[in-house]
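Input: a single structure, listed below in structure tokens.
The values are calculated or read from the model by the stated rules, or taken from the named source; none is laboratory data. What you see is a predicted model, and the numbers here were worked out from it, not measured in a lab. Note that each Cβ is placed from the backbone with ideal geometry, even for glycine, and that neighbours are counted across all protein chains shown. We work out accessible area using only protein heavy atoms, side chains counted, and drop any ligands, DNA or RNA first. Shrake-Rupley method; radii C 1.70, N 1.55, O 1.52, S 1.80 Å.
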Amino acid sequence: MSRGGGRAEPGAASRACAARAVAAVLGAGATLDAALGAPDLQQLAPADRSQARALAYGALRWHHRHRRLLALLLDRPLPGRDRLLEALLSVGLFQLLDERQPDYAAVSATVAATRLLGRPRLAGVVNASLRRLQRERAQLLAEALADEQARSSHPAWLIARLRRDWPGDWPRILEAAQQSPPLWLRVNQTRLAPEAGLARLREAGIEAAPGPVPGALRLARALPVADIPGFAAGEFSVQDAASQLAAPLLGASPGMRVLDACAAPGGKACHVLEQAGGDLDLLALDADDARLGRVRENLARLALPATTLRADATTPAAWWDGQPFDRILLDAPCSGTGVIRRHPDIKILRRETDIGPMARRQRQLLEALWPLLRPGGRLLYATCSILHEENDDVVAGFLADHTEAAAAEPPAGTLPGWLRCTRHAGWQALPGEADTDGLYYALMTRRTG
Ligand SMILES: C[S@@+](CC[C@H](N)C(=O)[O-])C[C@H]1O[C@@H](n2cnc3c(N)ncnc32)[C@H](O)[C@@H]1O
């Protein structure tokens with residue numbers, strides 16, 4: 001719907017870019033982060049870009065609800081490969097159902113986006129579908145939301161897993177995954193006490209509150225890091241509050257030799273260093289060179305010393321100097337089922353068949369790194385998964401096969417009450433419980449003698 005002089009309708013460009021990003025996730029299996037890096041989106045004005053991001057997040061967060069609604073709304077099933085149409089309709093549904101903007105503006109801008117997407121012939125079906133939702137909203141929603149996948153907007157396999165693993169908690173876990181996450185900061189306590197950090201933010205007019213972990217501050221509204229006073233100078237870092245439990249649990253003290261085997265982008269490694277006043281011999285390893293660059297940036301910003309190395313943690317023979325470590329942090333690659341509120345694309349990209357191979361990879365990492373720990377030393381195993389198969393089952397299987405390994409007591413005062421004890425050897429932060437992500441931790445020690 002161009003106006004005279006060819007100017008596009010306001011808001012059409014952000015809808016078009018959001019639809020392209022959503023289609024890249026649905027059709028090409030791209031991550032949402034990668035899809036949002038697309039050049040068309042980067043060229044938008046800042047306000048349009050943030051609207052496009054919000055629309056893409058919303059459409060993917062509610063993908064399973066929208067798939068069911070579209071099955072009811074469309075006379076014919078969506079043509080198999082028309083991901084762009086599905087994506088644009090999903091963007092439109094999100095606006096009508098969840099955003100507080102006038103319906104007519106949302107429909108008109110979404111219809112206008114068909115032209116920017118080079119698909120003007122879709123204008124009719126987009127217009128008809130969205131207007132039908134407006135007319136028959138209550139009835140269509142009642143019918144669609146009778147289905148559990150649509151109601152929770154999660155895939156059936158994941159609902160079944162969560163029911164099995166967390167019989168008393170699964171409805172709240174599903175609900176928490178549908179919320180927009182808060183922005184958590186970690187105060188760099190080598191520079192500022194947590195109270196001073198809070199005061200610094202408030203002086204700058206930033207509303208914040210202390211979190212459930214010492215040094216964690218929750219911002220009332222997300223904002224770019226460039227707007228956080230002292231961020232560039234290393235006074236604060238962005239880190240979810242549950243992730244801020246890793247350093248205290250690992251308990252590395254000054255002078256220790258520490259390995260962070262899966263370190264990028266370096267949030268936990270930097271916190272471990274901060275906690276020891278920078279006085280550690282820390283090796284930060286990651287298999288991904290680009291991500292390792294982020295570790296170096298964070299170390300530089302925080303003025304912390306560490307050795308960084310691109311290497312595969314499963315093959316220490318290729319990089320280990322033979323000197324044992326006092327502490328090892330294994331923050332293993334995982335399904336990410338504890339961070340769905342930050343990455344809603346996980347619900348679309350992850351398959352149930354991924355979980356077994358991931359658990360085998362996690363066990364392989366644990367087996368490879370264990371011999372590098374000195375007797376009496378401690379290894380902290382962590383994931384951002386909430387599935388027992390990647391957490392408790394991996395650790396329990398490992399402990400059963402290694403008589404020299406034992407579950408270790410956490411350092412005094414490091415375990416907040418809201419963390420769940422799991423069946424065998426670890427602790428689980430459940431998503432949303434203290435407004436944190438869902439992380440799992442297990443601490444093991446190598447017996448001496
Ligand atoms: C959960 S992330 C780590 C997050 C990090 N600990 C932090 O707090 O910022 C997992 C990391 O493991 C890395 N990774 C995966 N397989 C690896 C391997 N075999 N060896 C080393 N790093 C690996 C990935 O590149 C990814 O950066």
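A P(r) calculated from all alpha carbon pairs of the chain, with 20 Å bins opening at zero, reads 23, 51, 23, 2, 0 percent.
By DSSP, the beta bridges lying fully in the chain are antiparallel in about 60 percent of cases. Taking all C-alpha pairs of the stretch 4-153, those more than 25 Å from each other amount to 21 percent. The share of Cα pairs per 5 Å bin across the stretch 171-220, counted from zero up to the longest distance, runs 5, 21, 25, 19, 12, 8, 8, 3, 0 percent.
Using a probe of 1.4 angstrom and keeping all protein chains present, the accessible surface of the chain works out to 42 square angstrom per residue. Working from Cα pairs under 8 Å separated by at least six residues, relative contact order for the stretch 4-153 is 32 percent. Taken along its three principal axes, the alpha carbon spread of the stretch 344-449 comes to 48, 33, 21 Å, from the longest extent down to the shortest.
By how many nm would the segment from Asp227 to Arg191 lengthen if fully extended, with 0.36 nm per residue of separation less the alpha-carbon distance? Don't skip to the end; give the middle numbers.
Details: separation 36, 0.36 × 36 = 12.96 nm, distance 1.89 nm.
That pair, Asp227 and Arg191, stretches by 11.1 nm at full extension.
All distinct Cα pairs of the stretch 224-378 go into the 1/r average, and the inverse of that average, the Kirkwood radius, is 16.5 Å. Using C-alpha pairs below 8 Å separated by at least 6 residues, the relative contact order for the stretch 197-242 is 32 percent. For the stretch 94-226, the normalised intensity computed at q = 0.14, 0.21 Å⁻¹ comes to -0.92, -1.12 (log10 of I(q)/I(0), Debye sum over alpha carbons, equal scatterers, no solvent).
This model, with +1 at the C-beta of Lys and Arg and -1 at the C-beta of Asp and Glu, gives the stretch 183-238 a dipole about its Cα centre of some 100 debye. Across Ala21, Ala150, Ala45, mean-square fluctuation computed from a Gaussian network of the chain (C-alpha pairs under 10 Å connected) peaks at Ala45. Dipole magnitude for the chain: computed about the Cα centre from +1 point charges on Lys and Arg Cβ and -1 point charges on Asp and Glu Cβ, it is near 1460 debye.
Of the accessible area of the chain, with the probe set at 1.4 angstrom, what percent is carbon plus sulfur?
Working: 9780 of 19000 Å².
Result for the chain: 52 percent of the exposed heavy-atom area is carbon or sulfur.
The slack between Leu72 and Ala105, meaning 0.36 nm per residue of separation minus the straight C-alpha distance, is 9.6 nm.
Does a label point 7 Å from the Cα of Asp40, set along Cα-to-beta-carbon, have any residues of the stretch 80-104 with amide nitrogen under 18 Å, and which are they? The answer is 81-93.
The longest part of the chain holding none of the exposed loop trypsin sites (Lys or Arg not before Pro), meaning those outside H, G, I, E and B in DSSP with at most 16 other Cβ atoms within 10 Å, is 222-350.
Given 0.36 nm per residue, what is the gain on full extension from Asp281 to Ser253 after removing their alpha carbon distance, in nm? Present the calculation step by step, with values, prior to reporting the outcome.
Working: separation 28, 0.36 × 28 = 10.08 nm, distance 1.06 nm.
Value of the extension gain: 9.0 nm.
Over all other residues within a Cβ to Cβ distance under 11 Å of Asp103, the charged ones net out to +3, with Lys and Arg as +1 and Asp and Glu as -1. In this label model, Ser50 and Ala400 are separated by 5.1 nm, measuring between points 7 Å along each Cα→Cβ vector.
Quick one: compute the contact order of the chain, relative version, from alpha carbon pairs under 8 angstrom and 6+ residues apart, as a percent.
Numbers: 804 pairs, mean separation 56.0, N = 449.
It comes to 12 percent, rounded to a whole number.
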